[in-house]
Amino acid sequence: MRIISRRRKQEGLTNYSKRKRLLEGRKPRVVIRKSNKYIILQYIESSRAQDAVKFSVSSKELLDYGWPKNNEGGLKSLAAAYLSGLLFGNKIKTQKAAILDTGLIRSTKGSRVYAALKGIADSGFEIAYNDEVFPEEKRINTEKTAAFFDKVKSTVAKEKK
């Protein structure tokens, strides 16, 4: 019998019981992670507990779409999370349906994780969700980000075609 190192559990980096349940489902996962500066979304397929990242999007990519450089600190905001989710959803649209993996992030209604999930769902990608956890539209699309928000949504709509 092989002894598995629990170092990651002791350091608070991995919840092995949650990971085991996700792997037993044998479905691809959409992983959403928050860093100090960005929101990171990944489409991961697992085989024999080995993860393979197929697609990845970071909120840093919003700079390529014209996100104001002076608002670079806002790349972890609700608006940035939603738009990153929208970009990610369009990138993975041809893939199989997936399940959400939030890792060790606490499940809080209206959080950035659920703003990103709303973006993925609005792109048309098939993922299970509950509307009640999404943040309100007025919290996502604020006056401060309205012009950029509409610009990115129209750009993404053009890329769909």
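The values are calculated or read from the model by the stated rules, or taken from the named source; none is laboratory data. Everything numeric here is computed off the predicted structure, so don't read it as measured data. Please note: Cβ atoms are built from the backbone with ideal geometry, for glycine as well, and neighbour counts cover all protein chains shown.
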Given the conditions (1) surrounded by fewer than 13 Cβ atoms within 10 Å (Cβ to Cβ); (2) assigned to a strand (DSSP E or B), and given that K109 satisfies all but one, which numbered condition is not satisfied?
-> (2)
Which one of these does L63 not meet: (1) surrounded by 16 or more Cβ atoms within 10 Å (Cβ to Cβ); (2) within 21 Å of I92 (Cα to Cα); (3) among the hydrophobic types (A, V, I, L, M, F, W, C)?
-> (1)
Do the conditions hold for L104, that is, is it modelled with pLDDT of 90 or more, under 17 Å from the mean Cα position of the chain (by Cα) and either of a type in the set (S, T, N, Q) or closer than 21 Å to R19 by Cβ (or both)?
-> no
Residue by residue through region 104-129, note down the ones that are closer than 23 Å to K27 by Cβ and either among the β-branched types (V, I, T) or in contact with a Gly (Cβ under 6 Å, 6 or more places away or on another chain) (or both).
-> I105, V113, A116, G119, I120, S123, F125, I127
E132 passes all but one of the listed conditions (1) at pLDDT 90 or above; (2) charged (D, E, K, R); (3) closer than 20 Å to K27 by Cβ; the exception is number (3)
Just give me the residues in region 91-107 being among the basic types (K, R) and within 20 Å of S35 (Cβ to Cβ), in sequence order.
-> K91, R106
Residues of region 8-64 that turn out to be closer than 20 Å to A97 by Cβ, out of contact with any Pro (no Cβ under 8 Å at 6 or more places or on another chain), in contact (Cβ under 8 Å) with a residue 24 or more places away in the chain and β-branched (V, I, T), as a count | 4
Hey, does region 114-136 have a residue that's on the phi < 0 side of the Ramachandran plot, loosely packed, with under 13 Cβ neighbours inside 10 Å, hydroxyl-bearing (S, T, Y) and touching a residue at least 24 places away in the same chain (Cβ under 8 Å)?
-> no
Single residue of N141, N70, N90 found to be more than 14 Å from V31 (Cα to Cα) and surrounded by fewer than 16 Cβ atoms within 10 Å (Cβ to Cβ) | N70
